[in-house]
Amino acid sequence: MLLKSTKLFARVFICFCLSFGTLAAYGQADTIRVPKQFFNVAVILPFKTDKVDPKNPSPIDRAVFELLQGMEIARCQLADSGIGINLMMYDTKSSPVVTNSILNEPELKKADAIIGPVSALSSPAVAEFALKNKILMLNPLSSKLVWDNTNDYAILGASTPATIAKKTAAY
């Protein structure tokens with residue numbers, strides 16, 4: 001049985017992937033991407049496969065697992081629609097040092113999007129990389145903005161408390 005959060009992330013991921021072909025390189029009107037049928041999506045998350053207790057995972061380990069399930073569901077559904085997704089997996093091991101070394105991988109610059117990281121310590125570096133290389137980045141679990149909010153390439157998966165407060169007050 002799939003968890004509700006897994007199904008929700010699958011839908012969000014599908015929408016996120018489908019938007020690549022229609023958006024002008026997110027916030028850059030002078031750069032238009034041609035609609036594509038295949039996307040490279042870098043997944044930069046703390047898999048920690050050598051440390052996770054499958055019988056008693058931590059909340060973050062459980063959330064990462066649900067994200068991966070949702071991405072796989074979405075990848076299969078998009079494939080049925082003729083859209084290919086190559087998930088490029090990178091394990092941060094919950095370490096900013098490891099995350100920074102991942103950002104030096106040449107193939108990462110070929111990604112159409114980046115999912116992750118979840119660490120507040122690593123997010124600013126990945127957001128800067130996304131801006132520099134004009135790659136959309138989705139921080140899937142955080143509602144805490146820890147990078148420059150003028151970065152049009154970095155997106156939070158959840159609203160910040162400030163946004164929630166403004167929308168609630170406006171309502």
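Any chance the range 131-144 includes a residue that's of a type in the set (S, T, N, Q) and modelled with pLDDT of 90 or more? Looking through the range 131-144, at least one residue is of a type in the set (S, T, N, Q) and modelled with pLDDT of 90 or more.
Among residues of the range 81-96 that are among the polar types (S, T, N, Q), those with a beta-carbon under 7 Å from a residue that is assigned to a loop (DSSP other than H, G, I, E, B) at least six positions away or on a different chain give the pairs THR92/PRO46; THR92/PRO117; THR92/SER119; THR92/SER122; SER94/PRO46; SER94/LYS48; SER94/SER119.
Considering (1) at pLDDT below 60; (2) out of contact with any Lys or Arg (no Cβ under 9 Å at 6 or more places or on another chain); (3) outside any helix (DSSP H, G or I), the lone condition that LYS7 does not fulfil carries the number (3). Scanning the range 89-141 for residues that are assigned to a helix (DSSP H, G or I), open to solvent by 50 Å² or more (accessible area, probe 1.4 Å) and touching a helix residue (DSSP H, G or I) at 6+ places or on another chain (Cβ under 8 Å) returns ASN100, LYS109. Residues of the range 26-68 that are in contact with a Leu (Cβ under 8 Å, 6 or more places away or on another chain), under 30 Å from SER95 (Cβ atoms) and modelled with pLDDT under 70: TYR26 alone.
Each row is one residue, and each column tells you yes or no for (1) buried (at least 18 other Cβ atoms within 10 Å of the Cβ); (2) β-branched (Val, Ile, Thr).
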| position | (1), (2) |
| --- | --- |
| GLN37 | no, no |
| VAL41 | yes, yes |
| PRO46 | yes, no |
| PRO54 | no, no |
| PRO59 | no, no |
| GLU72 | no, no |
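Scanning for something aliphatic (A, V, I, L, M), more than 16 Å from LEU138 (Cβ to Cβ) and touching a Phe, Trp or Tyr at 6+ places or on another chain (Cβ under 8 Å), does the range 83-97 turn up at least one residue? Yes, there is a match, as at least one residue in the range 83-97 is aliphatic (A, V, I, L, M), more than 16 Å from LEU138 (Cβ to Cβ) and touching a Phe, Trp or Tyr at 6+ places or on another chain (Cβ under 8 Å).
The values are calculated or read from the model by the stated rules, or taken from the named source; none is laboratory data. The structure presented is a predicted model; accordingly, all values stated were derived computationally and were not measured. All Cβ positions, even for glycine, are placed from backbone atoms using ideal geometry, and neighbour counts span all protein chains on display. The accessibility values were calculated without ligands, DNA or RNA, using every heavy atom of the protein model including side chains. Shrake-Rupley method; radii C 1.70, N 1.55, O 1.52, S 1.80 Å.
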